[in-house]
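Peer 1: Dropping the structure in here first, questions after.
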Amino acid sequence: MDADIDLKGILGLIRRQLWLILSTIATILVLTLIFTYSLTPKYTATSLVLVDTSTKNLLDSSNILSNPNADNSRVESEVGILKSDRILLNVVRENNLVSDSEFGIKISLKDRILSWLRIPLPPAPTSDEALARVLNSFKSAVTVNRNGLTYLITVGVVSTDPAKAAQLANSMSETYIREQINAKVSATLTNRDTIQNRVAAANAAIVENEKNFDTYITANIDRLEKQSNSLGLATLRAELEKVNQDRSAEMSRIESLQKSLQSQDFSTLVTQLGSDALNEFQSQRESLATRIAAVDDNSTEAISLRAELAKLDSSLASAASQEVNDLQQTVTGYQQQANEVRQKIRSTVLQSNLPPEVLTEIYSLQQSSEIARNQYQTLLSRLQELDAQSALQLPDSRVVSAALVPTVPSFPNSRMILALALLASVGLGVGLAVLREYFIGGFVSENQIEAVLKVPLSAIAPRQATGDEHHKLANPTSSLADLMVTAPLSLFSESVRRLRLTLDQQERKHPVAKRAGDDEGAIIMVSSALPSEGKSTMALSLARAYALTGKRTLLIDCDLRKPSVNKHLNLEPNHDFIDYLRQDRSSATLTSLIMRDPLSNLTVLLGGRRSDIATDELVMSEKMGRILASARKHFDYVVLDTPPVEPVVDGLYLARHADMIVFVIKWASTPQSSAKRAVAALKENKNPDAGIVTLLNQQDRAKMSGNYSYSGYYTE
């Protein structure tokens, strides 16, 4: 049941504040639309890069897989390299972003304002500062992310120009792969240069050891022959010299060929090697070069011919490298022959009857030469491998999906912005409705009145028509208070009777004091915070409610600033109440002001015309006090229709005479702040024994969560 009541309360709040909620939603949505479509659209282009963590070597047919445990670190490292300043700077330079209208240096709004104010501008940035600014601007438009735990990296670039976004995204991927190849080539060349320096030293060691060995044999050949009684040493020494000469000549030739291969001097390679296969390759190369020179550089045929030429150069380099390797085998053969001769010399010498010290010297020289040769062969083989690798490096990453020109802007996301704006506007609208309903706006419920004003609610009077159409046509000036007589079973009449019941209960709790030994009537003051809240209508209705029960009832129109009871009764007094209070006896008497209600046994003291002077002195005068004291003696109930508390102080002075105060609040209209101030003022100025009750007037049942279930009881 409580949940049902809460739901009805929420629905009622929404219905009452629907215009505020809808206007808030409409305003925010309109502003959001204006803001969204005033933004410059931006486009995001993305390319996809795959990182291959295996070790690749074209000279080795088997790829060596890396450690899977290190793959995550490897891919994350590649992400860091891809978005490093080195890659971004290369993209900035290659695409000339320094002079770009979006990322380049441009006059800022601050500089324009300073220029307009004729204030000296700061010095222009240096080239390094300008490049740094462009780098920071471009960096903010770049996103590089790894796709989960995969080996894929997404490279995205945001730009106001979709074509530019795609171009820059592809440029980043291409620059990254190119830099990766350059880094691998640079590392290979560095290793090659290091080994090449060692090759020269190893070669010098071989020469030195061979020279020492040959020098020793040459210097001691005669002595060795004599000591060993061997005549073949001289012949072996001559054979060794010839083999060494042939090997040195072949090594010099190989070194020259390697330099030509490194510089891709194919003409020299073909001339020096002179093989049929290389001659055929060179002939094809010259033919392609002639055809390329004869066509346009930018034509499709030229591009195709250059690709074919590059492929032919690769084949020629591979064939030349193979023949150089074959020559190396020849050097190896010479080395083997020299070794065989040295072995023969050694065998001959060792088999000879030589002194031990001579044999030791020969063996030491031979071992030094052998070690130097092995080192040289190892370094030379590694040098050739690095030379080949430097020209045959492959990147560890490749573009698997190039960036395409985006057709839909990535910013602003109109649907998401509008959806969020709608949610925010609904929340704000409901929040403003709650704020207006319970803190700023009017009162709509009993709990709300009692919580804010700390005063009990006596009744709720509905907003209701004055009668049927025939009655309106017959009496256009009829008052809503007439329903007490013309429609006694209406909801309005019942609410007035409920107010009367509450006042009776208050009277029993705080009975009016006996004065002069006689029973005196009760003075009921009807007040409100602001004008036009139905105060006069309720005062007349309450007075009629008492009169209809047979009580002697007097209604006094104390709103001297703006009297209106005479309009509700459609009566005009002969004189004005204000004249009587001003001691103007020649123009007014109390008897001339008192009239009878045409619809009930109600006595009315009419106010008459509006006052053009301040009336607070009149209502607090002794004469007003005597009138009220006399009214207590002659009537059971005296109802005072008083001015509103906020704009006029008259009601606060009249509150001193009242035994009970009815504070009228207009449903969903009277501001809570005004009502709180008015009630506080009444509490400060009223009789200490007087009670205050509230009446919620003109309730609009159409704006509540639902009609009362018993409303048909009064209409049937």
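Peer 1: Taking the stated definitions as given, is Leu327 on the phi < 0 side of the Ramachandran plot, part of a helix (DSSP H, G or I) and either in the same structural domain as Thr290 (by TED's automatic domain parsing) or touching a strand residue (DSSP E or B) at 6+ places or on another chain (Cβ under 8 Å) (or both)?
Peer 2: Values: on the phi < 0 side of the Ramachandran plot: yes; part of a helix (DSSP H, G or I): yes; either in the same structural domain as Thr290 (by TED's automatic domain parsing) or touching a strand residue (DSSP E or B) at 6+ places or on another chain (Cβ under 8 Å) (or both): yes.
It is true that Leu327 is on the phi < 0 side of the Ramachandran plot, part of a helix (DSSP H, G or I) and either in the same structural domain as Thr290 (by TED's automatic domain parsing) or touching a strand residue (DSSP E or B) at 6+ places or on another chain (Cβ under 8 Å) (or both).
Peer 1: While we're on this one: Any idea which of (1) of a type outside the set (Val, Ile, Thr); (2) at pLDDT below 80; (3) in the same structural domain as Lys344 (by TED's automatic domain parsing) is the one Ala205 doesn't satisfy?
Peer 2: Exception for Ala205: condition (2).
Peer 1: Tell me the residue from Ser66, Ser38 that is among the hydroxyl-bearing types (Ser, Thr, Tyr), over 33 Å from the mean Cα position of the chain (by Cα) and at pLDDT below 90, please.
Peer 2: Values: Ser38 fails: over 33 Å from the mean Cα position of the chain (by Cα).
Criteria check complete, one pass: Ser66.
Peer 1: Here's something else I'd like to know. With the checklist (1) outside any helix (DSSP H, G or I); (2) surrounded by 14 or more Cβ atoms within 10 Å (Cβ to Cβ); (3) modelled with pLDDT of 85 or more in hand, flag the one item Val400 doesn't pass.
Peer 2: Failing condition for Val400: (2).
Peer 1: Moving on. For region 435-494, which residues satisfy the criterion of being surrounded by 20 or more Cβ atoms within 10 Å (Cβ to Cβ), among the acidic types (Asp, Glu) and modelled with pLDDT of 90 or more?
Peer 2: Within region 435-494, Asp482 is the sole residue that qualifies.
Peer 1: If you don't mind, there's one more thing I want to ask. Looking only at region 296-319, which residues are acidic (Asp, Glu) and not in a helix (DSSP H, G or I)?
Peer 2: Scanning region 296-319 gives Asp296, Asp297.
Peer 1: Residue check: is Asp636 farther than 24 Å from Arg610 by Cα and either over 59 Å from the mean Cα position of the chain (by Cα) or not assigned by TED's automatic domain parsing to the domain that holds Ile449 (or both)?
Peer 2: Working: farther than 24 Å from Arg610 by Cα: yes; either over 59 Å from the mean Cα position of the chain (by Cα) or not assigned by TED's automatic domain parsing to the domain that holds Ile449 (or both): yes.
Yes; evaluated as a whole, the condition is true for this residue.
Peer 1: Considering only region 297-346, how many residues are polar (S, T, N, Q) and over 60 Å from the mean Cα position of the chain (by Cα)?
Peer 2: As a first pass, look at region 297-346 and keep what is polar (S, T, N, Q): 298-300, 304, 314-315, 318, 321-322, 325, 328-330, 332, 335-337, 339, 343.
Remaining after also requiring over 60 Å from the mean Cα position of the chain (by Cα): 322, 325, 328-330, 332, 335-337, 339, 343.
Counting residues in region 297-346 that are polar (S, T, N, Q) and over 60 Å from the mean Cα position of the chain (by Cα) gives 11.
Peer 1: Turning to a different aspect of this structure: Are any of the residues in region 155-169 at pLDDT 85 or above, crowded, with 20+ Cβ neighbours inside 10 Å and of a type in the set (S, T, N, Q)?
Peer 2: yes
Peer 1: Would you mind finding the one in Leu618, Leu599 that is of a type outside the set (Val, Ile, Thr), in contact (Cβ under 8 Å) with a residue 24 or more places away in the chain, in contact with a helix residue (DSSP H, G or I) (Cβ under 6 Å, 6 or more places away or on another chain) and not in a loop (DSSP other than H, G, I, E, B)?
Peer 2: Working: Leu599 fails: not in a loop (DSSP other than H, G, I, E, B).
Of Leu618, Leu599, the one residue that is of a type outside the set (Val, Ile, Thr), in contact (Cβ under 8 Å) with a residue 24 or more places away in the chain, in contact with a helix residue (DSSP H, G or I) (Cβ under 6 Å, 6 or more places away or on another chain) and not in a loop (DSSP other than H, G, I, E, B) is Leu618.
Peer 1: I'm trying to understand the selection: among the residues of region 589-607, which are at pLDDT below 85 and within 19 Å of Ser541 (Cα to Cα)? Walk me through how you get there before you give the answer.
Peer 2: So in region 589-607, the residues at pLDDT below 85 come out as 589-593, 607.
Passing the criteria: only Gly607.
Peer 1: Please state which one of Gln245, Gln272, Gln322 is at pLDDT below 70, assigned to a helix (DSSP H, G or I) and in the same structural domain as Leu386 (by TED's automatic domain parsing). Lay out the reasoning, then the answer.
Peer 2: Values: Gln245 fails: at pLDDT below 70; Gln322 fails: at pLDDT below 70.
Within the list Gln245, Gln272, Gln322, the selection yields Gln272.
Peer 1: Now, a different point. Cβ contacts < 9 Å: first residue surrounded by 13 or more Cβ atoms within 10 Å (Cβ to Cβ), restricted to region 1-13; second residue at pLDDT below 70 and among the aliphatic types (A, V, I, L, M), any location; separation 6+ or different chain. Result?
Peer 2: Final answer for the pair search is Lys8/Met704; Leu11/Met704; Gly12/Met704.
The values are calculated or read from the model by the stated rules, or taken from the named source; none is laboratory data. Bear in mind the structure is a predicted one, so any value in this text is a computation, not a measurement. Using ideal geometry, Cβ is built from the backbone for each residue, glycine included, and neighbour counts are taken over all protein chains shown.
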